[in-house]
Amino acid sequence: MAMGIKHGKAEINVTPMIDVLLVLLIIFMVVQEHSVGLDVQLPQQTDSQGRPLPPQDIVLTVLGGGKVRLDQAELDLADLPNHLRALLTRSTPGVAFVKGENEIEFAQVAEVIDVAKGNGWKKIGLIRSERQQ
């Protein structure tokens, strides 16, 4: 007696493959969050005699109304990137100390911090302004 064999079309069950794919996706997402990059030490800029340029610390005071004081020079916020880049031709960036005058919103201070970071100063320090009694 012959057994009945069905000659049907073979189908691949994709459910286990999708499960494996989702597990791998979750694993890669978790690993990516915990990975850290390497700190790279780039060569310092040098002057014409080959000596490293000295670090330049600056003080940025946010005055409000689109005005900023870079050390002692008062200038418009739009002109600040040009002045910061000009400083980097003579020195390497040190620390940019940022201070806001009284009654300044932090959004204006954050904008100055963004400009300083975007133009070479990676170390930012905040200075508390003196309160008037």
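Every number in this text was worked out from the coordinates using simple rules, so none of it is lab data. All values derive from a computational prediction rather than experimental measurement. Counting neighbours? That spans all protein chains shown, and the Cβs are built from the backbone with ideal geometry, glycine included.
Taking amide H as placed 1.01 Å from N in the peptide plane, the amide H of LYS99 sits under 5 Å from that of LEU60, THR61, VAL62, ILE127, each at least 5 places away or on another chain. For the chain, take the longest principal axis of its alpha carbons; what is the angle in degrees between that and the long axis of helix 15-34, to the nearest 10 within 0 to 90? The helix 15-34 is inclined about 20 degrees to the chain. Counting lysine pairs in the chain whose alpha carbons fall under 20 angstrom apart, excluding pairs fewer than 8 residues apart on the same chain, gives 5. Three semi-axes describe the equivalent ellipsoid of the chain; taken as square roots of 5 times the Cα gyration tensor eigenvalues and ordered largest first, they are 60, 23, 13 Å. Amide H to amide H distances under 5 Å link GLN56 with THR92, GLY94, where only residues 5 or more positions off or on other chains count and H is placed in the peptide plane. Among the GluC sites (Glu not before Pro) in segment 12-109, those placed in a DSSP loop whose Cβ has at most 11 other Cβ atoms within 10 Å are GLU103, GLU105. For trypsin sites (Lys or Arg not before Pro), the sites in segment 60-131 that DSSP calls loop and that have at most 14 other Cβ atoms within 10 Å are ARG90, LYS122, ARG128, ARG131.
Net charge near ALA96: determine it from the other residues with C-beta under 14 Å of the C-beta of ALA96, scoring Lys and Arg +1 and Asp and Glu -1. Net charge in that neighbourhood comes out at +2. The order of LEU77, LEU126, going from fewest to most other C-beta atoms within 10 Å of their C-beta, is LEU126, LEU77.
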